[in-house]
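The structure appears below as structure tokens.
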2 protein chains.
Amino acid sequence: MTRTPTGDLIRPNRKTNGVGVQAEDTRICVVMVGLPARGKSLIAQKVTRYLHWLSIPSKIFNVGQYRRSETPAPSASFFATSNPEGERLRRAAAEAAVNDMIKWFQRGAGLIAILDATNSTKERRRWIQNRCAAEGIQTMFVESKCDDPDLIMSNIREVKATSPDYKGQDPEVAAQDFLARIQNYEKVYETIDEDELDLTYVKLIDVGQRVIINQIKDYLQSRVVYYLMNLHIKPRSIWLSRHGESTFNLEGKIGGDADISERGEAYARSLPDLVRRCGDGRKLTVWTSTLKRTIQTARFLTFEKLEWKALDELDSGVCDGLTYADIEEQYPEDFKARDEDKYNYRYLGGESYRDVVIRLEPIIMELERSENILIVTHQAILRCIYAYFMNVAQEKSPWMEVPLHTLIKLTPKAYSTHEERLKADIPAVSTWRGKGSSAKHAEPTDEERNSMGKNVGSGH
Amino acid sequence: MTRTPTGDLIRPNRKTNGVGVQAEDTRICVVMVGLPARGKSLIAQKVTRYLHWLSIPSKIFNVGQYRRSETPAPSASFFATSNPEGERLRRAAAEAAVNDMIKWFQRGAGLIAILDATNSTKERRRWIQNRCAAEGIQTMFVESKCDDPDLIMSNIREVKATSPDYKGQDPEVAAQDFLARIQNYEKVYETIDEDELDLTYVKLIDVGQRVIINQIKDYLQSRVVYYLMNLHIKPRSIWLSRHGESTFNLEGKIGGDADISERGEAYARSLPDLVRRCGDGRKLTVWTSTLKRTIQTARFLTFEKLEWKALDELDSGVCDGLTYADIEEQYPEDFKARDEDKYNYRYLGGESYRDVVIRLEPIIMELERSENILIVTHQAILRCIYAYFMNVAQEKSPWMEVPLHTLIKLTPKAYSTHEERLKADIPAVSTWRGKGSSAKHAEPTDEERNSMGKNVGSGH
């Protein structure tokens with residue numbers, strides 16, 4: 001620490017993670033509340049994926065997993081209030097999860113923990129609130145309340161039939177047992193109500209049709225609430241494509257605002273048909289960047305189109321318009337530094353992948369709200385969007401291969417995102433460059449290519 | 001319109017205004033609901049200011065103003081339910097406001113209208129809902145509910161004593177009459193409740209302590225809700241300063257990432273004292289950009305500091321590092337185009353003021369949530385932030401003078417923002433350039449300088 005001219009201590013600067021100002025000692029426990037099959041685990045996983053993408057360390061503590069280590073495959077009667085042994089074991093699991101969570105916070109491992117369990121009584125919630133308050137941890141209760149029998153049954157079928165509690169059992173029998181388990185919970189379930197106005201909570205009723213927000217104060221809490229407000233569960237897909245091959249791609253140059261090449265033009269002409277082949281006739285909205293190569297690529301699509309500056313390619317600053325060979329020659333230190341930590345490396349006068357994620361945050365929020373969107377944009381931007389949906393680690397996402405002239409269709413499912421790739425039969429140069437490789441664009445090896453789905457290798 | 005290779009019609013591209021995707025035919029009537037003195041007009045004005053800053057055309061239709069043209073200074077008895085003539089006149093005022101609003105939408109004049117009135121009965125709300133639905137206008141009801149007598153009385157004192165209804169009257173008499181008027185409304189007031197679950201509404205209880213959100217579907221609606229969630233009414237100020245004079249300023253160059261000059265350094269050293277003189281000893285948080293000149297300027301402040309990339313100077317693209325004379329010589333067309341529409345002019349490879357506003361939106365949201373913030377940033381960025389708080393028109397904001405070595409303190413009040421400027425006694429070059437002037441930085445004339453508060457003249 002240094003001092004001002006008048007001798008006061010000066011704190012070091014901190015960089016914002018771009019999602020706002022957060023006291024360094026923030027510790028929030030998001031406590032899920034709700035009957036089984038109300039999408040609690042789904043919400044917990046989406047929130048952690050979003051936070052992780054924003055570089056906010058978070059972790060789910062799933063009480064069911066703790067309980068399972070003692071009671072691997074319980075029948076519905078285990079969850080009956082008349083079963084004191086079941087009650088005791090479930091309480092012990094909750095305590096084990098909360099203890100581990102507190103240790104996790106004490107280690108300084110993260111900012112947000114999610115306690116995934118039914119937490120269906122006022123007494124249980126008060127106990128969690130008191131445990132957390134004693135450790136200086138804020139609590140935010142997130143209740144998912146839903147009485148639509150169709151929604152509940154579809155959740156039971158999709159998710160619970162694959163639950164570890166019912167491994168190897170007949171799905172119909174499992175579903176019936178699970179319904180009986182829910183009925184046991186219903187007997188004691190208390191929704192969050194006027195008795196709990198001192199708590200910070202969000203109540204999501206019928207998947208966001210109605211939302212009640214109480215005592216939200218903290219910035220990170222408000223971000224999570226806004227994210228929750230924007231989630232929907234209508235089935236939809238997101239289509240992603242890079243622009244068609246550009247004249248800069250042909251010359252191996254990065255950045256710029258070049259036109260598409262002849263082959264890029266052929267891709268643009270083929271795109272409407274490519275979309276038709278995997279679009280099931282759905283009406284899409286097309287988003288492009290403001291750069292010519294994406295607008296030219298999208299121009300034969302008949303859907304409504306929107307240009308976003310936030311979708312412009314990663315700004316390579318002083319290196320804009322150079323080839324990798326130029327960069328290696330003119331900025332050898334930078335070339336090396338970028339290989340070492342590509343996610344955080346910021347081009348001189350330009351951007352890092354981390355910077356791009358920050359400016360893409362409103363795009364992700366929009367995508368969560370929207371139904372069917374086709375995005376025509378650039379390699380680094382697609383990597384960041386893809387990383388959000390496919391939960392790709394930061395150290396890997398900047399190296400993923402996203403080939404030219406290929407349409408990617410992502411379909412979010414309950415606990416994962418389904419991916420299809422449709423390659424147009426139109427050749428293009430490769431713009432992929434392996435980590436630590438020489439300063440050339442190259443074709444990835446078969447091995448590298450095969451690991452593509454697992455998100456290794458390639459360059460911007 | 002053109003056609004695809006297969007003959008389908010192609011729609012023209014639209015540019016997003018950066019606050020998301022909005023169907024072109026969106027028409028939303030925000031209907032304020034609540035007893036008098038619950039901050040409805042304040043909320044209405046803040047929302048329109050925010051929307052206007054984001055280039056979303058909106059307008060307030062204040063029923064009280066319509067009523068006043070017939071009944072300029074009514075006493076409380078005018079608002080008694082037992083007064084059929086008062087009832088008839090108030091109903092007529094509501095009809096006149098709604099009719100004008102519908103005409104405003106029909107003219108295509110805007111996307112969001114705000115109907116500012118008590119709208120305190122279910123019957124009145126249903127009538128508005130039906131009138132709007134018949135015209136294809138969505139309604140979103142925003143109720144402000146507050147039972148804290150201190151808050152209500154402070155609202156009555158601050159705002160209502162200056163109401164046109166009580167012009168020239170003794171403030172104490174006015175306050176008493178106003179309390180009687182509120183009691184007349186309380187007799188018939190119906191809060192939005194379970195009978196109205198089919199309506200889209202937001203209920204703000206005790207200034208955002210508790211928020212109930214029902215049936216929000218549309219993107220713009222969700223933006224408005226998020227904005228409303230973030231408002232608070234704790235007294236606070238925002239301090240703004242440009243970085244100290246930089247070596248680029250001395251050379252008349254724009255952009256870059258230069259160090260501060262000797263005089264800039266002197267400003268940095270004087271800043272803690274300057275802040276102390278107008279900071280009332282309050283604990284501030286300091287936000288800087290990621291560029292050296294702002295970090296250097298803030299470095300003697302003892303408060304917590306945060307670097308935001310979103311606060312970096314307007315990117316001047318190919319013109320970065322040039323003087324205005326260079327730009328006039330090398331890009332004469334651009335130089336002229338920028339003078340003609342400075343707000344929308346986007347530097348080749350860089351940004352426009354419009355682009356800057358989009359990336360500042362999260363900063364504004366943060367500022368609305370936060371208490372006391374000191375921002376050390378750049379000329380164009382300060383102009384945009386200042387324009388938000390002071391409601392400066394787009395055609396004027398890029399020309400405002402924001403001198404070097406001057407601390408600006410903004411204090412939001414109910415219906416306006418109070419401004420103080422504190423000039424450090426440290427000389428600096430002027431970076432101001434008048435519209436249509438030669439390509440030089442110059443001192444503004446006395447006349448131009450005097451109109452500074454009224455936001456005329458100067459350059460980035």
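Against the numbered list (1) in a helix (DSSP H, G or I); (2) open to solvent by 40 Å² or more (accessible area, probe 1.4 Å); (3) modelled with pLDDT of 90 or more, B:L151 comes up short only at (3).
When the range A:340-391 is filtered for residues that are of a type in the set (S, T, N, Q) and at pLDDT 95 or above, the ones remaining, listed by number, are A:T377, A:Q379. Considering the conditions (1) crowded, with 19+ Cβ neighbours inside 10 Å; (2) touching a residue at least 40 places away in the same chain (Cβ under 8 Å), B:K46 is excluded by exactly one of them, (1). When residues in the range A:259-304 are screened for being within 12 Å of another protein chain (Cβ to nearest Cβ), farther than 24 Å from A:R236 by Cα and among the acidic types (D, E), 1 of them pass.
Just the residues that are in a helix (DSSP H, G or I) and of a type in the set (D, E, K, R), please, taken from the range A:129-148. Result: A:R131, single match.
Looking only at the range A:339-362, decide whether some residue is away from every other protein chain (no Cβ under 14 Å), closer than 26 Å to A:Y226 by Cβ and not charged (D, E, K, R). The answer is yes, given that some residue of the range A:339-362 is away from every other protein chain (no Cβ under 14 Å), closer than 26 Å to A:Y226 by Cβ and not charged (D, E, K, R). Looking across the range A:105-128, the residues that are in a helix (DSSP H, G or I), open to solvent by 10 Å² or more (accessible area, probe 1.4 Å) and touching a helix residue (DSSP H, G or I) at 6+ places or on another chain (Cβ under 9 Å) come down to A:K122, A:R124, A:R126, A:W127. Looking across the range A:294-318 at every residue that is open to solvent by 10 Å² or more (accessible area, probe 1.4 Å) and charged (D, E, K, R), the one that is farthest from A:L348 (Cα to Cα) is identified as A:E304. Restricting attention to the range B:316-339 and to residues that are of a type in the set (D, E) and modelled with pLDDT of 90 or more, the residue that is farthest from B:T431 (Cα to Cα) turns out to be B:E329.
A single member of B:D177, B:D165 is within 24 Å of B:V63 (Cα to Cα), open to solvent by less than 30 Å² (accessible area, probe 1.4 Å) and in a helix (DSSP H, G or I), and it is B:D165. All of (1) farther than 30 Å from B:Y201 by Cβ; (2) in contact with a helix residue (DSSP H, G or I) (Cβ under 8 Å, 6 or more places away or on another chain); (3) surrounded by fewer than 18 Cβ atoms within 10 Å (Cβ to Cβ) hold for A:R276 with one exception: (2). Among the residues in the range A:43-61, are any in contact with a Gly (Cβ under 8 Å, 6 or more places away or on another chain) and over 30 Å from A:R359 (Cβ atoms)? Checked against the condition, which is being in contact with a Gly (Cβ under 8 Å, 6 or more places away or on another chain) and over 30 Å from A:R359 (Cβ atoms), the range A:43-61 yields no hits at all.
Pairs linking a residue in the range A:410-436 that is over 19 Å from A:I43 (Cβ atoms) and of a type in the set (V, I, T) to a residue that is modelled with pLDDT under 90 and assigned to a loop (DSSP other than H, G, I, E, B), with Cβ atoms under 6 Å and 6 or more positions apart or on different chains, are A:T431/A:H441.
List the number of the failed condition for B:T247; all other conditions in (1) touching a residue at least 60 places away in the same chain (Cβ under 8 Å); (2) away from every other protein chain (no Cβ under 13 Å) hold. Only one criterion in (1) touching a residue at least 60 places away in the same chain (Cβ under 8 Å); (2) away from every other protein chain (no Cβ under 13 Å) is unmet by B:T247, namely (1). When the range A:363-386 is filtered for residues that are within 10 Å of chain B (Cβ to nearest Cβ), of a type outside the set (V, I, T) and outside any helix (DSSP H, G or I), only A:S370 remains.
Considering B:Y201, B:Y185, which residue is within 11 Å of chain A (Cβ to nearest Cβ) and closer than 30 Å to B:F79 by Cα? Talk me through it step by step, then tell me what you get.
Details: B:Y185 fails: within 11 Å of chain A (Cβ to nearest Cβ).
Selected residue: B:Y201, the only one of B:Y201, B:Y185 that is within 11 Å of chain A (Cβ to nearest Cβ) and closer than 30 Å to B:F79 by Cα.
For B:I254, the stated conditions do not hold, so it cannot be described as more than 9 Å from chain A (Cβ to nearest Cβ), without any contact (Cβ under 8 Å) to a residue 40 or more places away in the chain and open to solvent by less than 30 Å² (accessible area, probe 1.4 Å). If you check A:I327, A:I358, A:I385 for being in contact with a helix residue (DSSP H, G or I) (Cβ under 8 Å, 6 or more places away or on another chain), open to solvent by 10 Å² or more (accessible area, probe 1.4 Å) and within 19 Å of A:W399 (Cα to Cα), only one passes: A:I358.
Of the residues making up the range A:305-338, those that are more than 14 Å from chain B (Cβ to nearest Cβ) and β-branched (V, I, T) number 2.
Go through B:V211, B:V225 for me and flag whichever is within 23 Å of A:D195 (Cβ to Cβ), crowded, with 19+ Cβ neighbours inside 10 Å and without any contact (Cβ under 8 Å) to a residue 40 or more places away in the chain. So the residue among B:V211, B:V225 that is within 23 Å of A:D195 (Cβ to Cβ), crowded, with 19+ Cβ neighbours inside 10 Å and without any contact (Cβ under 8 Å) to a residue 40 or more places away in the chain is B:V211. Confirm whether B:Q330 is without any contact (Cβ under 8 Å) to a residue 60 or more places away in the chain and under 23 Å from B:P403 (Cβ atoms). For B:Q330, the condition - without any contact (Cβ under 8 Å) to a residue 60 or more places away in the chain and under 23 Å from B:P403 (Cβ atoms) - is not met.
The values are calculated or read from the model by the stated rules, or taken from the named source; none is laboratory data. In this text, all values refer to a predicted model and were calculated from it rather than measured experimentally. Positions of Cβ are backbone-derived with ideal geometry, glycine not excepted, and every protein chain shown enters the neighbour counts. These area figures cover heavy atoms from the full protein model, side chains too; ligands, DNA and RNA do not enter into them. Shrake-Rupley method; radii C 1.70, N 1.55, O 1.52, S 1.80 Å.
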